[in-house]
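Q: Please find one structure pasted underneath; my questions will follow.
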Amino acid sequence: MPNYSWPPMEKRRLMGKRLERLDGLAKSTGRAKYASDFNAPGMLFGEFLTCPHAHARVTSIDISEAEKLPGVTAVRIIAKPGTEIQWAGAELASVAATSEDIARDAVRKIKVGYEVLPHLVKEDDISKAGTRAKAAGETVTGDLEKAFQEADVTHEGNYGIPVITHCCLEPHGQVIEWKGKEINYRPSTQNVTGVGGDLAKSLQLPATDVHVKMDYIGGGFGSKFAADLWGVESAHLSKASGGKPVKMLLDRRTELTIAGVRPSAFAKIKVSAKKDGTLTGWQSDSWATGGFGGGGSPPLPYVFINIPNQKKNHSAISTNTGGVRAWRAPNHQQATYLTCCALEDLAAKLKMDPVELFAKNADFTARPEVYRSQLKKASELMDWGKKWHQRGDSGTGPIKRGLGLAIATWGGGGHNSQCRAVIHPDGAIDIELCSQDLGTGTRTIITQVAAETLGLPMSAINLKIGDNSLPPSGPSGGSTTVGGVSSSTRKATINALEKLYEAVAASLGAKQEELEAVDGRIQVKGQPDKALTWKAACQKLGVKVISEMGQNDQKNPGGLNAQGVGGINMADVEVDTETGIVKMKKFVAVNDCGLVVNPKLAESQIHGGVIMGICSALTEERILDAVTGRVLNADMEFYKLSGIGDIGEIVAYMDISPEHDKRGIVGLGEPSAIAIPAAIANAVANAIGVRVPRIPLTPDRVLAALEGRNA
């Protein structure tokens, strides 16, 4: 059996190097084409009619006037009379027309009758949820009552992290052409391999009838796996319009209303400790929503899972709002916020440095030595020892400065992936797999691994991805992509190389196992004078083409990838106590993620995760009107994202060492985004001396917390 293990650090030519991403020039110059850029001859435009009510029953729907409009090629009813609508923005009908303007005019001509029903859209006050709050059960370990009675210190607090919406700069949608039996499907998706089958299932067709092609995606973050109703409706509209391609991308209002959210999480927490900071008890009563289905229970207490004596209750609140979708580490942002805020408040009550509190209780985590090491490194990078002060002890003047920290964990094991490596007699190499690059550098990573294995420059590799006619590879979710595609690529290229060795061994007077690929040559190991150039070696194939497969099995990765990472995050902020404005000064993120293929891309992932977390901490929140049930800020003007001037300095530290290299590759997308809101919220509390219990940390909330203290 070939040796698939990664080459040792001292022998790597490309892996571990800070290489530029291959698609950087195409994206920066606009040559990279996204689904939203795709236009075809005779293309039609699709639009939805959506419901203005948060809860209603459709009593009638009349599409006759829309059908008569010149330029309209198809109108479809989605919600027939009698259908109960559970959130504002739900799709009622779809239209295809020769222009976007005509399609929108047609939508406005559709007449719908409603029976408006009672709704609930705000979940922050559980006392108002009534029967909409469904208890998920109680979990009890140890003797919590005794632990609280015997504790030296207890702390009780209320904390909240709201619903935020997916805000992909390229909205959800696709271009679909249904001609005869074949459907050509160009979606914006995180799941090139599987999304065609999902569409085919909805259309009751064989999966082989749907050809999926996607080169680039303008954001996904967990929200773009399925074909969704917009995919299904576009296919029907295309068929009803004689097979012409239909382009439908959600408008921004609909995108921010129904295309997926991160659930909220609120909790009343009580935690106890000894004088030295050792945790002795945890109690949490939490609730959440992610839409009509409610919100799942965050894993509390987060990371410190082995705190003795625990009691946990959770309620899922059903609201008349658009539904939940995976959002870059589902449930982890909520859990770390609730846990780390409560623990930092406990540390303040103990007059204890939170670094010491977290280190003291690291034995309650699954990876105590990793976290202690990371706390030390993060403290060094933040200069924590000099900058940290007791809560609120930040001197005179209106500008207060503070530090905060939070902790993270994630899995990140590689997904199932198949790769085909093809070596042609002229020396050309094709690497083929149906993966997708979400903008994280997956193209670069695959090419880097293939070129490393074959002993060639990256320019020699012809990479083919983003097409479901290629060997299947898993969806990009859960930080699984790099581990999966790197492992399958490594195996495929080694298998292909073994076949090439077999073809040239006799010419070099050596056995197959005595050969190696180095610097564009096939040579006898350690003997560069006994070698063939890559092209000369490939010419030995005659007319034969080498085509070999490699597979990553998620259940048995063979040492090429692993799972389980940890991270420590620290924030340094300034708060203007006269205006309530929070300003980021510095953020430090320390992460371990196994073998790092490309440190530059890994650091870029961390920067992206931190920026998303800063948005969540300072500006992002879905704002709903309790009376109408509508989203009030479903646009890019009032749904605020952080700009370049809002993020401060970001220090991304990768814990690269032979010890971590031995683990193989572990995904990084999720862990880089988890602990940021909690660290920032803790830094603000350290600066101003009081807890702002709920994020985002908008000026009004900061000032309200300060007024409560002064009162």
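The values are calculated or read from the model by the stated rules, or taken from the named source; none is laboratory data. In this text the structure is predicted, and so the values were computed from the model without any measurement. All Cβ positions, even for glycine, are placed from backbone atoms using ideal geometry, and neighbour counts span all protein chains on display.
Q: Can you tell me which residue is surrounded by the most Cβ atoms within 10 Å (Cβ to Cβ) among those in the stretch 317-358 that are under 30 Å from His119 (Cβ atoms) and over 23 Å from the mean Cα position of the chain (by Cα)?
A: Step by step, filter the stretch 317-358, then rank; the result is Thr319.
Q: Could you grab me the full set of residues in the stretch 195-211 that are in contact (Cβ under 8 Å) with a residue 12 or more places away in the chain, of a type outside the set (A, V, I, L, M) and over 20 Å from Ser435 (Cβ atoms)?
A: Across the stretch 195-211, the qualifying residues are Ser202, Asp209.
Q: How about the stretch 42-77: which of its residues are crowded, with 19+ Cβ neighbours inside 10 Å and assigned to a loop (DSSP other than H, G, I, E, B)?
A: If we filter the stretch 42-77 for residues that are crowded, with 19+ Cβ neighbours inside 10 Å, which is where we start, we get 44-51, 53-56, 58, 61, 63, 66, 72-75.
Within the stretch 42-77, Cys51, His53, Ala54, His55, Ile63 qualify.
Q: Here's a check for you: in the stretch 1-33, which residue that is in a helix (DSSP H, G or I) and of a type in the set (D, E, K, R) is nearest to the chain's Cα centre (by Cα)?
A: Ranking the qualifying residues of the stretch 1-33, first place goes to Lys27.
Q: I would also like to ask the following. Of the residues that sit in the stretch 64-81 and are β-branched (Val, Ile, Thr) and out of contact with any Lys or Arg (no Cβ under 8 Å at 6 or more places or on another chain), which one is nearest to Gly42 (Cα to Cα)?
A: Val72
Q: Would you say Thr396 is closer than 27 Å to Pro696 by Cα, within 26 Å of the chain's Cα centre (by Cα) and in the same structural domain as Asn591 (by TED's automatic domain parsing)?
A: So Thr396 does not fit the description; no.
Q: Continuing with this model, one more query. Which of the residues belonging to the stretch 585-613 are crowded, with 23+ Cβ neighbours inside 10 Å and closer than 18 Å to Ala406 by Cα?
A: Within the stretch 585-613, Phe587, Val588, Ala589, Val590, Asn591, Asp592, Cys593, Ile606, Gly609, Val610, Met612, Gly613 meet the criteria.
Q: Quick check on Gly558: is it modelled with pLDDT under 95 and either within 26 Å of the chain's Cα centre (by Cα) or of a type in the set (S, T, N, Q) (or both)?
A: yes
Q: Okay, next question. Pull up the stretch 152-181, narrow it to residues that are among the small types (Gly, Ala, Ser) and closer than 30 Å to Gly222 by Cα, then point me to the one that is surrounded by the fewest Cβ atoms within 10 Å (Cβ to Cβ).
A: Filtering first and then ranking leaves Gly160.
Q: Output the residues belonging to the stretch 633-678 that are under 16 Å from Lys583 (Cβ atoms), part of a helix (DSSP H, G or I), over 19 Å from the mean Cα position of the chain (by Cα) and touching a residue at least 24 places away in the same chain (Cβ under 8 Å).
A: The answer is Asp646, and nothing else.
Q: So which pairs qualify, if the first residue must be in the stretch 604-620 and farther than 16 Å from Arg21 by Cα and β-branched (Val, Ile, Thr), the second must be modelled with pLDDT of 95 or more and part of a helix (DSSP H, G or I), the Cβ gap must be under 6 Å, and the two must be at least 6 apart or on different chains?
A: As it stands, the answer is Val610/Ile676, since those pairs meet every condition given.
Q: Do the conditions hold for Ala129, that is, is it in contact with a Ser or Thr (Cβ under 7 Å, 6 or more places away or on another chain) and surrounded by 17 or more Cβ atoms within 10 Å (Cβ to Cβ)?
A: no
Q: A further question follows. For the stretch 97-118, state whether one or more residues are among the acidic types (Asp, Glu), farther than 23 Å from Arg186 by Cβ and not in a helix (DSSP H, G or I).
A: Within the stretch 97-118, the first condition is being among the acidic types (Asp, Glu), and the residues that meet it are 100-101, 105, 115.
This time we only want the ones that are farther than 23 Å from Arg186 by Cβ, so: 105, 115.
Next, only the ones that are not in a helix (DSSP H, G or I) stay: 115.
Checking the stretch 97-118: at least one residue is among the acidic types (Asp, Glu), farther than 23 Å from Arg186 by Cβ and not in a helix (DSSP H, G or I).
Q: So, of the residues in the stretch 358-378 that are aliphatic (A, V, I, L, M), part of a helix (DSSP H, G or I) and touching a residue at least 24 places away in the same chain (Cβ under 8 Å), which turns out to be farthest from Gln310 (Cα to Cα)?
A: Ala378
Q: Something else now. Just the residues that are among the acidic types (Asp, Glu) and within 21 Å of Val163 (Cβ to Cβ), please, taken from the stretch 652-711.
A: Across the stretch 652-711, the qualifying residues are Glu670, Asp700.
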